[in-house]
Amino acid sequence: MCSAATHNVKSIQAAASPEELKSLIRRRTQTVRSLCARLLRVQDEERRRLARELHDSTGQTLTALKLQLASLQEGVRVGRTDPADFAQVNALADQALRDIRTTSYLLFPPLLDERGFCSAAEWYVDGFSKRSNIQVRLHLASIGRLPRLIETAFFRVLQESLANIYRHSASRVADVRLTETAGIVVLDIQDYGCGIPAALLDQFTRAGSGAGVGLAGMRERMEDFGGRLDIISGPSGTRIRASVRIQNVSSGSNQSSGFKHAVAA
Ligand SMILES: Nc1ncnc2c1ncn2[C@@H]1O[C@H](COP(=O)(O)OP(=O)(O)OP(=O)(O)O)[C@@H](O)[C@H]1O
Ligand SMILES: [Mg+2]
């Protein structure tokens with residue numbers, strides 16, 4: 001069951017009278033509407049960012065490549081070609097390939113499907129640290145492969161938590177831990193910054209509203225398959241804890257070995 005639904009059922013059970021129920025439903029409907037509107041805005045922003053990135057990086061490289069090709073063509077026409085021109089065409093084509101690879105990897109890193117969460121996390125954290133100048137210490141237990149849904153959810157939680165650390169926390173250091181204890185896998189992302197404003201966190205924890213798409217989306221993803229997202233935050237930092245109970249299964253998996261199956265906690 002999704003988080004909003006879980007939350008609603010608990011609140012409905014706690015509501016005493018029909019009047020309370022009506023006002024609860026009204027509040028929930030407003031929350032869902034504003035979340036949907038925010039989601040659409042974020043989607044638009046993401047598309048704008050991608051369009052700008054494609055235009056500014058790959059677009060510019062391809063324009064330079066075209067100019068270089070035109071000059072080469074002219075050189076061939078007048079019987080004067082310089083091997084250095086070919087080398088430059090090659091370099092520009094390489095640059096365009098690199099730009100496209102970076103953009104597509106950031107959207108969905110192939111490593112995640114091919115080698116699993118740990119490899120994708122190492123790759124992502126490396127790039128994030130270089131781009132942001134935030135030191136991220138990775139402590140990843142070797143727990144083997146998890147179902148694709150969980151690996152993807154963990155990866156998105158990691159991305160959003162690091163993005164929040166960069167945008168909001170002012171922390172220069174973060175710790176990322178992946179552990180498995182008694183069948184519960186936990187991804188823990190900790191910073192040492194200013195913390196989430198207490199009123200905002202309180203509203204989000206009580207009513208599921210007041211935050212952006214980031215926190216709500218992470219919680220929604222985790223609760224979708226019986227996991228959970230806990231947020232512990234104060235003036236000395238924030239800790240995002242995504243956890244899910246798993247059990248080993250011997251067959252019927254879509255992954256070759258070490259496959260584990262999520263069960264509702
Ligand atoms: N690590 C953090 N440190 C300090 N404040 C944080 C942190 N993470 C989140 N916050 C606070 O919680 C708010 C909600 O976070 P959330 O990720 O839901 O939305 P957002 O980052 O503002 O926007 P988006 O919808 O693009 O993610 C942030 O605006 C910020 O005030
Ligand atoms: Mg965010």
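The values are calculated or read from the model by the stated rules, or taken from the named source; none is laboratory data. On a predicted model such as this, the values are computed, not experimentally measured, just so you know. When we count neighbours, we look across all protein chains shown, and the Cβ atoms used for this are built from the backbone with ideal geometry, even at glycine.
Things worth noting here:
- Given (1) more than 15 Å from the chain's Cα centre (by Cα); (2) within 16 Å of ligand 2 (Cβ to nearest atom); (3) at negative phi; (4) among the aliphatic types (A, V, I, L, M), number of the condition LEU69 does not satisfy: (2)
- Scanning the range 217-248 for residues that are within 21 Å of VAL42 (Cα to Cα) and of a type in the set (A, V, I, L, M, F, W, C) returns MET218, MET222.
- Take the conditions (1) hydrophobic (A, V, I, L, M, F, W, C); (2) within 8 Å of ligand 1 (Cβ to nearest atom); (3) more than 18 Å from the chain's Cα centre (by Cα); ILE165 misses just one of them, which is (3).
Residues are listed down the side, and each one gets a yes or a no for (1) within 9 Å of ligand 1 (Cβ to nearest atom); (2) in contact with a Leu (Cβ under 6 Å, 6 or more places away or on another chain); (3) modelled with pLDDT of 95 or more:
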| position | (1), (2), (3) |
| --- | --- |
| SER169 | yes, no, yes |
| THR179 | no, no, yes |
| GLY183 | no, no, no |
| GLY226 | no, no, no |
| ASP230 | no, no, yes |
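- In the set (1) surrounded by 13 or more Cβ atoms within 10 Å (Cβ to Cβ); (2) of a type in the set (D, E, K, R); (3) assigned by TED's automatic domain parsing to the domain that holds LEU54, the condition left unmet by ASP82 is number (1).
- Test result for ALA96, farther than 27 Å from SER243 by Cβ and either of a type in the set (A, V, I, L, M) or modelled with pLDDT of 95 or more (or both): yes
- Residue that is surrounded by the fewest Cβ atoms within 10 Å (Cβ to Cβ), among those in the range 113-147 that are free of Cβ contacts under 8 Å to residues at least 60 places away in the same chain and at positive phi: ASN133
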